[in-house]
Amino acid sequence: MVGLGNPGPEYRDTRHNVGQRVLDHLARALRGHWRRDGRALVARATWCGEAVVLARPVCFMNESGPVVAETLQRLGAQTGDLILVHDDIDLPVGTVRVRMRGRHGGHNGVRSVIESLGTTEIRRVKVGVGRPEPGAVVDHVLTPFHPDEEPAVAAAVARAADRVLALVQTPSPS
């Protein structure tokens, strides 16, 4: 399970980091502890008798692909084992959607992962962060959620975590 985001405390609560927020939720729920492993923070845990690994690349969103590929290789995992969690500006705040494959949809972090892995056959859990005004995408994704959005975001993070766990037992499309 990989949660996309940007490193550093200044980005922690931004819309772009909601994928990492889902992974943090899972790490707490599964009692995993983050440790540095190469260019990622990794937490190992068990869920329903399955060993699971949560990873947060320690790089900027647009450079995630090589780190995800490297992390999969370090773990001896295949692309089909991957569940990618990320933000989606095309979904309303609080919406969660699962995709078993597909293109990047303009998301540069997902684009980087697809290019590095050489496939669009990647299971994904997408969390809606709302559509910005035209031309304001970068500013939108790099700002925190509004206080009135937080209850919907917290609920979406919990739902997204549940969807990730459901995918652990769902075969990959590849």
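Rule-based calculations on the coordinates, nothing more; no lab input. The structure presented is a predicted model; accordingly, all values stated were derived computationally and were not measured. Cβ atoms come from the backbone with ideal geometry, glycine included; neighbour counts cover every protein chain shown.
What the table below lists for this structure:
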| quantity | calculated |
| --- | --- |
| Cα principal axis extents for the chain, largest first, Å | 42, 32, 29 |
| Fraction of beta bridges assigned by DSSP in the chain that are antiparallel (%, nearest 5) | 65 percent |
| The range 92-154: C-alpha gyration tensor shape, a/c 1.5 cut-off, then a/b vs b/c | oblate |
| Rounded to 10°, Cα long-axis angle of helix 64-75 versus longest principal axis of the chain | 20 degrees |
| C-alpha long axis of helix 18-30 to longest principal axis of the chain, angle in ° | 50 degrees |
| By average C-beta atoms within 10 angstrom, highest first, the peptides 75-86, 145-156 | 75-86, 145-156 |
| Average Cα contact separation per residue, the chain, under 8 Å, 6 or more apart, as relative contact order % | 27 percent |
| Computed over the range 29-92: relative contact order in percent, which uses C-alpha pairs under 8 Å that are six or more apart | 20 percent |
